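Structure first, commentary second.
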């Protein structure tokens, strides 16, 4: 079962915030009044243990007051600034490997409300060649990461493993022919201002991945860098603007599995 962490975080912030506010406005004054009443009725020395007991808040209030600022800060950071993601599949090899932990810039494409994704402030639009995180159109509970190939108004054509944008073949240069159990080739590819590598399998071909697409307004065409092993716009269509999460900008850790130690071999900016 998928856990909607943003929703849980919003609920936690709301609940702890309400409790913290209620303590400040209602319960804390009551505790102070109880201490004052105790002191006013004394005829002897003050018993500090009694004072401490009267001043001590219930555990749920004490916990809420303590963690509310932390939860609120986390909510602001991951909703409007940067959010961490883990790469679960090999669709972006060789740019991103399975187990890479990345940071996603949430404000470069504009600010959106958590949970609903409603844009409240516009900034840049996704540009060709950028690596973008978005909610899968067919299942918005799942986050995908792909490279932006076509922006609104573009014509994208993919035929015989060759990519064309607006009639121009995308520049690529062979880097190496390799075999890791699957014969494949690595190419340097240039799209827009992005210079990156892509992978093409030599013995794998899917006719479903070929075609011509005209990108509508408010939509984006995306593909994985692992061109023959990526579930992307060639199969399920365009990414709506409202599904955009942010721009992938940095790899900060690599942790392929729980049985291995994390490392930082892939650390660096994402091209």
Mind sorting 82, 238 by how few other Cβ atoms lie within 10 Å of their own Cβ, fewest first? 82, 238
Counted neighbours (other Cβ, 10 Å), sorted fewest up, put 220, 250 in the order 250, 220
On average over all directions, what projected area in square nanometres does the stretch 188-244 have, based on the convex hull of its Cα atoms? 4.7 nm²
Order of 60, 244 under a 10 Å beta carbon neighbour criterion, fewest first: 60, 244
Please report the orientation-averaged projected area of the stretch 5-80, defined via the convex hull of its C-alpha atoms, in nm². 5.7 nm²
Below 8 Å between Cα atoms, with a sequence gap of 6+, how large is the relative contact order for the stretch 87-269 in percent? 29 percent
Segments 43-53, 164-174 sorted - mean Cβ within 10 Å per residue, highest first: 164-174, 43-53
The equivalent-ellipsoid semi-axes of the stretch 1-136, taken as the square roots of five times the Cα gyration tensor eigenvalues and listed largest first in whole Å, are 49, 16, 11
Using alpha carbons only, how many degrees (0 to 90, rounded to 10) separate the axis of helix 28-40 from the longest principal axis of the chain? 20 degrees
Longest principal axis of the chain (C-alpha) makes with the long axis of helix 59-76 (C-alpha) an angle, in degrees to the nearest 10, of 30 degrees
What are the extents of the Cα atoms of the stretch 87-269 along their three principal axes, listed from largest to smallest and rounded to whole Å? 47, 46, 29
If packing is taken as the average count of other Cβ atoms within 10 Å, what order do 262-271, 181-190 fall into, highest mean first? 181-190, 262-271
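Values quoted throughout were computed directly from the atomic coordinates according to the rules given, and no laboratory measurement underlies them. Predicted, not measured: the structure shown is a model, and the values here were computed from it. As a convention, Cβ positions derive from the backbone with ideal geometry for all residues, glycine included, and neighbour counts pool all protein chains shown.
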